[in-house]
Amino acid sequence: MMQRVSTRRDLAWLFVGVVMLHLVLVLPSHPAGLTVARWLRPTPELPLILLCVAIVPRVWVVAPVVVAALGLAVLKIADIGTYLAFNRAFNPLLDLHLLVSGWALLASSIGHGQAVFGVCATLLAVLAVGAVLWRGLSVLSRLGWRLRSLTVGVPAGLAVLATVLPGWQVLQVTPLVKAQVDRMGRGIADLRDFTAGLPDPVGPAPTFAALQGRDVILAFVESYGRSFLDDPEFAATSAPRLASVETALDAAGWHVRSGWVAAPTRGGQSWLSHGTLLSGLWVDSQVRYDRLMTSDRTSLNRLFGAAGWQTGAAMPAITLDWPEAGWYGYDTTLDAEGLGYRGQPFEWVTMPDQYTWTALHEKLRKAVMAPAMIEVALITSHAPWTPLPEIMPWDTVGDGSVFDGTRRQGDSPRVVWSDPATIRAQYAKSLDYALEVAGQYILRHGDGAFFVVLGDHQPAPLLAGQDAPPDVPVHFISDDPRLLDRLPADVFARGIVPAPDAPVLPMQDLRVLLTTLFETPL
């Protein structure tokens, strides 16, 4: 009697273990694959693995199978997460650094305690899957040959039927593993090709003669992508805001040309876009970026510096040591601490854009000798897009202490991120704020500067959609229309809204435009 109960228990564990192994094997690597039909498709790898477990002593084969299955599951989940965030597959060679930035965003959004709990729960879930696989598959080698044959034969028969019966499909897992390995190999080859293109083209150094005497301000607006203008839901916010900013600029004598550029990243890793524009190279991976940072490639900042500009950077998201600043070559770098903000942070966002603009004017533009070339990263529109700051009278911003925790709108990230519709609404509000504040700064403190304002990348596919292009708007703004008339008219339309059918330039081409179109004086 006891033996029968034990056998039934063992068979139950075996069934659960085989089902768990099947689920790991058929787990998709892309969110689009999360369908019921996929979970039901047989795989030829499952009976082969079970055959090995059935005929080889468990101490030799079960442990490697469990470890390999867990590794495969983690890689697939990483693929799904990377597609949801960046609309691309995960590459272990290039993307492990994302764990650090992902942890920082998670902890600052929901709190360190809850973030630790979430990570621990995830690890426990992985260990639980491993325990189930170990307990279930260990049973197989202890069964009689009849039960072993049945355990192997049923999934094998289903796999064979799927290849011959109309309407059935077999799912092969091996090509998915091979694709992951191939991505790593291509990453190594890509680095070699990128390194070969690092030397600067030989030619005269740009003088930027037409811009002499003017400050040049390059402003990256976080997550400001084409979807914000094209998606009907977002356009209900973007269209009136852009029209309002354009009307105000026009009334004050400013002129705008706008177009589209393709960013090298989506959903995050803004530094790749910064490196792309300022190097004139396509920097679409961390390994390319790291290689660029150790190269002799001359940044756009350094080119302006060689032509007589003082260069600076306002980087409110930089809270740790930033050795990469050495490659960019700023004369003055103000990170989150250097910007001197004395207010409260807005979850992950260290300070509101209005303060960043204020500090740029009060600290950078007054600290460096004119003319100045300044790069600024505007981060209020960074995820989680809540809470958002109120726009304060500019004379009251001061050291930012006015943002004392009461000048904010929006629920906590936990509340906002519980509903996709709320996430989208908060994203739109954050960019509405970012564009309004940027326009107000130009009107108040533009002082004849030449502005290049652009998005760093599209938002995550959760907002932009899986099929959204990598395009971001770029706006050239000046009080002298003769400067803007040098831009290609078929690419950059008059006004603040790019033409829907205008050609899309790769982001690195902006450096070519800036270093060639302004060489002759006005």
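Observations on the model:
- Positions within segment 119-142 being in a helix (DSSP H, G or I) and of a type in the set (D, E, K, R), in sequence order: 135
- Odd one out for residue 392, checked against (1) closer than 29 Å to residue 325 by Cβ; (2) outside any helix (DSSP H, G or I); (3) out of contact with any Asp or Glu (no Cβ under 6 Å at 6 or more places or on another chain): (1)
- Residues (modelled with pLDDT under 75 and either surrounded by fewer than 17 Cβ atoms within 10 Å (Cβ to Cβ) or not assigned by TED's automatic domain parsing to the domain that holds residue 16 (or both)) located in segment 40-54: 40
- The residues in segment 409-440 that are surrounded by 16 or more Cβ atoms within 10 Å (Cβ to Cβ), assigned to a helix (DSSP H, G or I), in contact (Cβ under 8 Å) with a residue 24 or more places away in the chain and not hydrophobic (A, V, I, L, M, F, W, C) can be counted, and the count is 11.
- Considered as a group, the residues in segment 257-270 that are assigned to a strand (DSSP E or B) and out of contact with any Phe, Trp or Tyr (no Cβ under 7 Å at 6 or more places or on another chain) include one that is surrounded by the fewest Cβ atoms within 10 Å (Cβ to Cβ), and that residue is 262.
- Among the residues listed as 514, 443, the single one being assigned to a helix (DSSP H, G or I), closer than 30 Å to residue 361 by Cβ and not assigned by TED's automatic domain parsing to the domain that holds residue 241: 514
- Those residues of segment 455-496 which are of a type in the set (A, V, I, L, M, F, W, C), part of a helix (DSSP H, G or I) and under 20 Å from residue 423 (Cβ atoms), in sequence order: 462, 463, 464
- Number of the condition not met by residue 499 [criteria: (1) closer than 26 Å to residue 374 by Cα; (2) of a type in the set (Gly, Ala, Ser); (3) not in a helix (DSSP H, G or I)]: (1)
- Unmet requirement for residue 274, which otherwise passes all of (1) of a type outside the set (D, E, K, R); (2) assigned to a loop (DSSP other than H, G, I, E, B); (3) surrounded by 21 or more Cβ atoms within 10 Å (Cβ to Cβ): (2)
- Residue check, residue 277 under 18 Å from residue 329 (Cα atoms), among the aliphatic types (A, V, I, L, M), within 24 Å of the chain's Cα centre (by Cα) and at pLDDT below 95: no
- Residue 487 vs. criteria outside the structural domain of residue 248 (by TED's automatic domain parsing) and either of a type in the set (A, V, I, L, M) or buried (at least 22 other Cβ atoms within 10 Å of the Cβ) (or both): no
The values are calculated or read from the model by the stated rules, or taken from the named source; none is laboratory data. Treat the numbers as computed from the prediction; the structure is a model and nothing was measured. Don't worry about glycine lacking a Cβ; one is built from the backbone with ideal geometry, like all the others, and counts go over all protein chains shown.
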